[in-house]
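Everything on this sheet refers to the single structure shown next.
The values are calculated or read from the model by the stated rules, or taken from the named source; none is laboratory data. All figures in this text were calculated on a predicted structure; none of them were measured in a lab. So basically every Cβ, Gly included, is an ideal-geometry build from the backbone, and we count neighbours across all protein chains shown. The area values use the complete protein model at the heavy-atom level, side chains included, leaving out ligands, DNA and RNA. Shrake-Rupley method; radii C 1.70, N 1.55, O 1.52, S 1.80 Å.
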Amino acid sequence: MASALTPQSAERYAPRVAATPVLTIAAHGVTDVGRRRDHNEDAFLVDPALGLYVVADGMGGHAGGGTASRLAVETIQESVRAARDGSPEVFEGANGVEDSRLPDLLREAVEAACARIFQTAQGDPGLAGMGTTVTAALIDGRVAFVAHVGDSRCYLLREGRIYQVSEDHSLVNEQLKAGTISADEAKHSRFKNIITRSVGFEAQVQVDLMGIELEGGDALVICCDGLSNLVDDDEILQIVDECPIDEAPARLVALANDRGGDDNITVIVIRAGLAPVMVG
């Protein structure tokens, strides 16, 4: 590899070489009550310092849904921050997808949120039965780990294509996989809001975990079903590809509202860029 000489003093010179480019991460999130609800039961987190991004879509009534989603976001953030403060070496991005301990830490954070929400509901009859979806991405170096429960979604956008990373934990998706309904029937089913797994409804929950090795130019979209029920995947791809990072979430929300906005709408868009680093 060619190197350039960089002056360090009048007498000394040191070689300066271009290192492997690292990723830069930019993210922006928006939540909106929609057109038909009088309150917002969603919560979201954009925490660049932790590399943590969360969407939670609460359920359980006016008080319960909002409480569940808020507790989920707060608990996951607190748990990941405590893990980083206690073991900073785990967050150095050197272990790759297979050997990293971060998936376990993220899963434990969601499990802690589940236990906290359940315990809170047990102490307050007005919150009985509350729960929430959780889709969370923890980005460390060039790897994104995704934890998922419910029917909020995480998409990967890469080289002009969009992929749904998460799998919906919903009655309609179970019917679709079993072949008892078609994709068009699933889209218009009156059961599409029934989920089969949530955080906090019971004391424990099974968490799906995925690992993604990011490339420069990739984007992740995390959203609740208030968006995905009204905006097609290809439309998400087009808007995120065309818009600046700080405009894309609002454009997606506006499109969902234009089509009725029948639920709360929450979207986080995360974009990975390449930044060459010079080392001496």
Rounded to the nearest 500, what is the 222 nm mean residue ellipticity of the chain from helices alone, with -39500 (n - 2.57) per DSSP H run of 4+ residues and division by all residues? -10000 deg cm²/dmol
Counting only heavy atoms of protein chains, what accessible area per residue, in Å², does the stretch 153-280 have with a probe of 1.4 Å? 49
Treating only the Cβ atoms of Lys and Arg (+1) and Asp and Glu (-1) as charged, compute the dipole magnitude of the chain about its Cα centre; round to the nearest 20 debye. 260
Using a 1.4 angstrom probe on heavy atoms only, work out the carbon and sulfur share of the accessible area of the stretch 32-150 in %. 46
Virtual spin-label span in nm between D184 and A82, 7 Å along Cα→Cβ: 5.2
Listed residues R36, R84, R153; largest mean-square fluctuation, Gaussian network over the chain with Cα springs below 10 Å, found at R36
Where the only charges are on Cβ atoms (+1 Lys, Arg; -1 Asp, Glu), what is the dipole of the stretch 190-280 about its Cα centre, to the nearest 20 debye? 320
Using the alpha carbon gyration tensor of the chain, what are the three equivalent-ellipsoid semi-axes (square root of 5 times each eigenvalue), largest first, in whole Å? 37, 23, 16
What does the net charge come to around D234 if you take all other residues with beta carbon closer than 12 Å to its beta carbon, with K and R at +1 and D and E at -1? -3
Only four residue types carry charge here, +1 at the Cβ of Lys and Arg and -1 at the Cβ of Asp and Glu. Report the dipole size of the stretch 27-130 about the Cα centre in Debye, rounded to the nearest 20. 380
Tell me, what is the FRET efficiency for D241 and E202 to the nearest 0.05, using R0 = 30 angstrom and their Cβ-Cβ distance as r? 0.15
Dipole of the chain (Lys/Arg Cβ +1, Asp/Glu Cβ -1, origin at the Cα centre): which of L209, Y155, I117 lies farthest to the positive side? I117
